[in-house]
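No lab work stands behind these numbers, since they all come straight from the coordinates. The model shown is predicted, which means the values in this text are computed figures rather than measured ones. Note that each Cβ is placed from the backbone with ideal geometry, even for glycine, and that neighbours are counted across all protein chains shown.
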Amino acid sequence: MEFETHCDTEAEAVVPKEPPKIYRLEESVVNRIAAGEVIQRPVSAVKELVENSLDAHSSSINVVVKDGGLKLIQVSDDGHGIRYDDLAILCERHTTSKLSTFEDLQSIKSMGFRGEALASMTYVAHVTVSTITKGQLHGYRVSYRDGVMEHEPKPCAAVKGTQIMVENLFYNMTARRKTLQNSANDFSNIEDLLKRFSIHHTNVNFSLRKHGASGADLHTVGTSSRLDAIRSVYGVSVARTLIKIETSDNNPSSSVFKMNGFISDSNYVAKKITMVLFINDRLVECTALKRAIEIVYAATLPKASKPFIYMSIILPPEHVDVNVHPTKREVSLLNQEVIIAKIQSVVESKLRNSNEAQTFQEQVVEPSPSGNIGIIKDSSFSSSPSGSKSQKVPVHKMVRTDSLDPAGRLHHYLQAKPRGPLENNPSLTAVRSSVRQRRNQKETADLTSIQELINEIDCNCHSGLLDVVRHCSYIGMADDVLALLQHDTHLYVANVVNLSKELMYQQVLRRFAHFNAIQLSDPAPLSELIMLALKEEDLDPECNENDDLIEKITEMNTELLKQKAELLEEYFGIHVDVHGNLSRIPVILDQYTPDMDRVPEFVLCLGNDVDWEDEKRCFQVISAALGNFYAMHPPMLPNPSGDGLQYYKKRKPIRNPEDIEDDVTIEDEMEHELLSEAETAWAQREWSIQHVLIPSMRLFFKPPASMATNGTFVQVASLEKLYKIFERC
Ligand code: ADP
Ligand code: MG
């Protein structure tokens with residue numbers, strides 16, 4: 001059958017036809033299409049109903065659900081109810097009590113305003129409303145279908161408020177019903193939704209129950225404390241990791257808002273982020289804000305980078321456009337970027353402070369023989385039996401002082417590696433234990449040396465440039481290495497290679513010993529990498545004497561790096577396996593992988609340039625080598641969008657000078673594969689500059705004073721001056 005239909009259409013397609021006639025859709029069809037948009041799944045119906053109950057000033061909202069909401073959703077509240085006179089038009093489209101003129105939308109405070117939700121439900125389900133208003137002796141019950149009452153409202157017994165029953169959702173949309181039936185049960189989505197509502201509307205009691213079940217799955221009792229509400233809904237384990245956060249701004253030229261909330265600290269470890277966001281008391285999503293917070297976590301607490309966030313933002317209603325999404329889920333804000341940047345910076349400082357506070361908490365604990373008594377720690381921290389610490393050191397460093405306890409060390413977080421035969425090699429074990437001993441003796445030196453390097457960055461920071469990098473916006477690339485940035489009325493060019501090199505260096509020091517890993521798909525033998533790098537440097541590749549030398553250097557360097565493997569892994573996330581293969585490198589900025597063409601040069605630099613005896617120099621040089629490796633150099637292939645395009649034209653020796661025409665056609669042919677590889681590499685780099693480098697620079701970069709004079713940042717124009725010039729013209 002299908003085959004026949006297919007042939008028919010094909011046959012028709014070749015016959016020229018009149019354009020198809022345009023019909024006006026029947027209103028019921030239009031309504032059903034619109035309804036499908038507003039009510040996408042059972043959870044969207046619950047959201048609309050609960051919002052209506054909240055708009056009706058209810059203090060108790062009870063939800064009953066059957067079959068994930070497909071069979072029944074019943075929401076009962078104790079709000080102000082619906083007038084008898086309004087019942088006739090209640091479920092028609094665009095009937096609402098919350099808005100009358102378009103201008104009202106600018107200052108809307110209620111959650112609903114379109115008058116579409118109830119109407120939509122009646123087009124895709126059977127809706128029954130029972131309601132009573134204040135001062136009435138009895139209530140009314142009435143059922144609706146396709147926007148209209150099925151019968152006159154019937155008197156019924158009622159106490160207070162409204163109960164809305166939605167039965168057989170999507171009964172007339174077979175495809176939707178089938179996909180929903182096959183997909184995971186919506187009950188957990190509904191539960192998640194009510195949890196979110198309940199921690200914001202702490203003065204309202206919420207309950208959720210499966211139809212026929214005796215107990216409720218969720219039951220919240222009004223409380224005045226937000227933290228108590230979160231504790232009772234999300235559990236103690238979440239609540240005890242939370243830090244209070246608030247900020248505000250009242251400067252009409254930049255932003256006007258108030259924000260308060262709770263964010264999790266380093267003890268909250270989850271697979272995905274939970275972000276409960278209310279803007280002007282509406283439960284909404286704001287992808288840009290969520291992403292911005294994720295970036296801060298990934299940078300400051302890499303191991304707890306999927307936080308729990310509750311945040312409530314209040315803005316003047318006229319600054320929020322609530323009407324950008326059919327279900328009012330996404331909103332857009334005036335001055336969104338400024339607000340996000342402000343929130344980002346308080347989150348960052350809270351997280352940094354909390355890290356220090358935890359250190360303090362651990363430090364004041366007296367060591368005890370059992371190692372446990374009196375120690376207030378979360379299980380995610382190691383409880384080191386020999387944990388006697390007397391001086392203030394950052395907490396993440398402390399857990400490493402006991403070499404027997406791997407908690408807190410990078411490889412603890414990576415997949416278990418199979419033990420190779422070499423692992424038991426006595427000489428290797430000896431080397432390792434001597435490395436370990438050496439490090440343990442110098443434990444404090446280790447920490448001070450890193451601290452010193454970080455302090456040097458801070459002391460050397462140029463305050464004027466700091467202001468520029470914090471508050472600039474990216475305009476675009478001026479050429480292969482210079483980016484255009486705007487700050488206030490000034491335009492700057494910034495050398496992205498220098499900039500990224502230094503930023504990576506600073507981040508390596510800040511993330512020291514706390515790296516996530518990038519796994520190489522093919523572990524690369526160190527010896528081959530070093531050999532490759534040496535050959536590239538070799539000026540006279542024809543000379544055989546050099547070959548011997550190269551082999552010697554390669555061998556020595558490989559051996560050296562194998563010996564230093566443990567240090568490289570533990571502190572820098574550079575993993576060299578027992579066979580001398582490089583298999584993992586660290587994540588320095590999230591979402592960024594360095595250009596692998598530069599691995600050989602990097603490995604050679606580790607082997608040749610590092611002074612392994614002087615701790616501080618050693619860390620500094622390794623960090624700088626990583627900085628250079630991860631810097632956003634122009635890709636090796638020339639940029640095809642400029643003069644570099646020449647490079648991709650197929651070249652052929654000119655056989656005879658008269659053969660010009662032939663030669664031209666050959667020149668026009670391109671090395672397509674190479675060209676597309678180059679295009680991808682350049683596009684990827686520009687993406688990384690815009691979306692990784694510049695945002696991270698704004699957050700973390702401390703520009704050294706030298707960058708003000710060495711051409712890394714150059715002010716090229718100031719708008720005021722330009723205006724003056726133009727005025728004269
Ligand atoms: P909107 O919320 O956008 O106004 P709805 O279709 O959700 O549109 O609701 C239509 C109207 O029905 C609301 O404006 C409100 O007056 C009334 N209403 C709906 N649910 C309730 C309820 N639980 N309690 C009181 N009034 C309600
Ligand atoms: Mg509504």
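How high is the FRET efficiency from Glu285 to Glu167, r the C-beta distance, R0 45 Å, rounded to 0.05? If you can, show how the numbers build up before the last one.
Numbers: r = 29 Å, r/R0 = 0.64.
Given R0 = 45 Å and the Cβ-Cβ separation, E is 0.95.
Among the listed pairs Lys535/Lys702; Lys178/Lys272; Lys272/Lys350; Lys562/Lys702; Lys306/Lys562, a Cα-Cα separation exceeding 32 Å is found for Lys535/Lys702; Lys562/Lys702; Lys306/Lys562. Note on Asp321/Val578: beta-carbon distance plugged into 1/(1 + (r/R0)^6) with R0 of 60 Å gives a FRET efficiency of 0.55.
Extension gain, Arg83 to Lys66, is 3.2 nm, computed as 0.36 nm per intervening residue step minus the present C-alpha separation. A Förster radius of 22 Å combined with the Cβ-Cβ distance from Glu669 to Met636 puts the calculated FRET efficiency at roughly 0.45. The packing ranking, built from the mean of other Cβ atoms within 10 Å per residue, places the peptides 242-254, 168-180 in the order 168-180, 242-254, highest first. Approximating the spin labels as points 7 Å out from Cα along Cα→Cβ, the Val148-to-Thr680 distance works out to 6.0 nm. Model label points for Lys650 and Ser345, set 7 angstrom from Cα along the Cα-to-Cβ axis, are 5.7 nm apart. Our estimate of slack between Asn353 and Cys459, defined as 0.36 nm per intervening residue step minus the Cα-Cα distance, is 36.2 nm. Among the listed pairs Lys342/Lys616; Lys47/Lys271; Lys71/Lys195; Lys290/Lys564, those with a Cα-Cα distance over 29 Å are Lys342/Lys616; Lys290/Lys564. Taking 7 Å steps out from each Cα toward its Cβ at Ile22 and His211 produces label points 4.4 nm apart. Residue by residue, segment 134-150 carries 3J(HN,Hα) couplings of 4, x, 8, 7, 9, x, 10, 10, 8, 10, 10, 9, 6, x, 10, 5, 7 Hz when phi is fed to the Karplus relation 6.51 cos²θ - 1.76 cosθ + 1.60 (θ = phi - 60°); x denotes Gly or Pro. Computed over segment 219-264, relative contact order equals 29 percent, with contacts defined as Cα pairs under 8 Å that lie 6+ residues apart.
Using the average count of surrounding beta-carbon atoms within 10 Å as a protection proxy, the listed peptides 581-588, 682-689 rank, highest first, as 581-588, 682-689.
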